[in-house]
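**Student:** Before anything else, here's the structure in question.
The values are calculated or read from the model by the stated rules, or taken from the named source; none is laboratory data. As the structure is a computational prediction, the values presented were derived from the model and not from experiment. Ideal geometry is used to build each Cβ from the backbone, glycine not excepted, and the neighbour counts take in all protein chains shown.
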Amino acid sequence: MHLKSMTLPEMTDRLKQMGLPSFRAKQVYSWLHKGVRSYDEMTNIPQSLRQQLQQEYPLFAPKVVRKQESKLDGTIKYLWQLADGNCVETVLMRYHYGNTVCISTEVGCLMGCAFCASTLGGLVRRLEPHEMLDQVLFTQIDSGLPVSHIVLMGIGEPLDNFDNVMRFLELVNSEDGMNISMRHISLSTCGLVPKIDELAKRKLQISLAISLHGPNNEKRSRVMPVNKAYPIEELIAACRRYYDATGRRIHFEYAMIDGMNDSQEDAKELLRLLKGLGAHVNLIPLNHVEESPLKPSSKKAVARFQQILESGGVTATVRRTLGGDIDASCGQLRRKHAKEIKQC
Ligand code: SAH
């Protein structure tokens with residue numbers, strides 16, 4: 001395992017095997033979680049140890065391949081190149097409650113959602129915990145903006161990379177690291193039911209978001225193949241179990257697609273589905289992806305849909321679109337870059 005993916009107790013054990021006292025592990029851990037690019041920056045670590053670590057655990061900082069800053073709202077989108085040459089996207093959004101980083105959890109995605117650019121080239125590989133941490137660290141360093149919130153809503157399906165994602169959460173939450181509160185972290189899933197149950201057992205204080213995008217099996221399956229494996233009633237039952245186990249309200253994401261899932265009947269069906277779940281719905285006007293025939297709903301359809309949910313007692317917000325001028329939607333920048341240079 002990469003040194004930077006180790007928890008502090010694991011690093012302490014590892015350095016102990018190398019004959020070093022535990023305070024050394026704490027120092028190294030703290031440097032790594034500050035985002036040093038080289039062991040030579042660890043000024044309070046003896047030269048010999050720096051060299052030994054460099055040999056055993058070469059340190060690599062992701063490189064900025066592209067950086068796009070929105071003139072509309074200050075959103076910054078990064079395309080990072082990882083140690084093996086693969087690329088992933090990270091987005092920094094500036095909300096009133098704090099700077100929020102949206103990270104990728106995989107290179108590409110297996111899930112095949114019809115509207116999403118991340119899945120077009122399939123799954124290349126899953127990210128290591130430190131590769132997720134690096135996205136947060138280096139976005140903070142490059143932008144000079146302190147990060148207080150994280151959303152796992154970039155490229156990939158976080159629950160398809162369960163163990164690495166759990167470890168990343170532990171790292172980013174650790175007191176000797178970035179110390180970002182679990183309550184400031186949201187994880188979004190397309191609905192892998194057994195993994196939702198596994199997550200519930202951990203009783204984390206994170207926010208769970210479910211990408212729903214359809215009010216029934218027929219409509220959801222049309223755009224989300226995962227629904228064939230885990231149909232909507234099983235997904236909602238898992239959400240209920242999750243809510244009972246953690247007491248945390250679940251957010252449902254609903255991308256509004258013109259003529260597909262945005263009728264008044266759809267809103268009423270969604271309302272019946274979510275009743276009593278303590279649910280909150282985020283309505284997201286679809287971000288048009290070049291390769292897809294699907295179009296966003298009209299403003300009027302979105303407003304009408306929201307009104308039906310609200311009057312039925314389910315809170316719903318229309319998500320403000322950030323970074324509309326910088327290919328900020330899931331997987332769009334990586335896709336564009338890959339087409340232009342035929343790699344990543
Ligand atoms: N795989 C996870 C994490 C991705 S989160 C999941 O499915 O939840 C990214 C969110 O943006 C998901 O809700 C996804 O469905 C949504 N999304 C992807 N492409 C989109 C697009 N073109 N327009 C609007 N929302 C999109």
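To keep it simple, each residue is scored yes or no on (1) modelled with pLDDT of 95 or more; (2) surrounded by fewer than 20 Cβ atoms within 10 Å (Cβ to Cβ); (3) of a type outside the set (A, V, I, L, M, F, W, C).
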{"position": "200", "(1), (2), (3)": "yes, yes, no"}
{"position": "215", "(1), (2), (3)": "yes, no, yes"}
{"position": "227", "(1), (2), (3)": "yes, no, yes"}
{"position": "231", "(1), (2), (3)": "yes, yes, yes"}
{"position": "238", "(1), (2), (3)": "yes, no, no"}
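**Student:** Hey, could you check the range 148-190 for residues that are under 22 Å from residue 250 (Cβ atoms) and among the β-branched types (Val, Ile, Thr) and say which is nearest to the ligand (Cβ to nearest atom)?
**Tutor:** That would be 189.
**Student:** Here's another thing I want to ask about it. I'd like to check something: does the range 302-324 contain any residue that is within 21 Å of residue 153 (Cβ to Cβ), modelled with pLDDT of 95 or more, of a type in the set (Ser, Thr, Tyr) and away from the ligand (no atom under 16 Å from the Cβ)?
**Tutor:** There is at least one residue in the range 302-324 that is within 21 Å of residue 153 (Cβ to Cβ), modelled with pLDDT of 95 or more, of a type in the set (Ser, Thr, Tyr) and away from the ligand (no atom under 16 Å from the Cβ).
**Student:** Separate question: Of the conditions (1) in contact (Cβ under 8 Å) with a residue 60 or more places away in the chain; (2) farther than 22 Å from residue 82 by Cβ; (3) more than 15 Å from the ligand (Cβ to nearest atom), residue 222 clears all except one; give me its number.
**Tutor:** Condition (3) is where residue 222 drops out.
Here's the yes/no breakdown for (1) in contact (Cβ under 8 Å) with a residue 40 or more places away in the chain; (2) in a helix (DSSP H, G or I); (3) in contact with a Leu (Cβ under 9 Å, 6 or more places away or on another chain); (4) not assigned by TED's automatic domain parsing to the domain that holds residue 198:
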position	(1), (2), (3), (4)
242	yes, yes, yes, no
253	yes, no, yes, no
270	yes, yes, yes, no
273	yes, yes, yes, no
282	yes, no, no, no
291	yes, no, yes, no
294	yes, no, yes, no
306	no, yes, yes, no
316	no, no, yes, no
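**Student:** Here's something else I'd like to know. Would you mention how many residues in the range 234-256 are more than 14 Å from the ligand (Cβ to nearest atom) and touching a strand residue (DSSP E or B) at 6+ places or on another chain (Cβ under 7 Å)?
**Tutor:** Residues meeting the conditions: 4.
**Student:** Same structure, new question: Sort out which residues of the range 253-266 are among the small types (Gly, Ala, Ser) and farther than 17 Å from residue 210 by Cα, and write them in order of number. Let's see the steps before the verdict.
**Tutor:** First, the residues of the range 253-266 that are among the small types (Gly, Ala, Ser): 255, 259, 263.
259, 263 - these are the residues of the range 253-266 that are among the small types (Gly, Ala, Ser) and farther than 17 Å from residue 210 by Cα.
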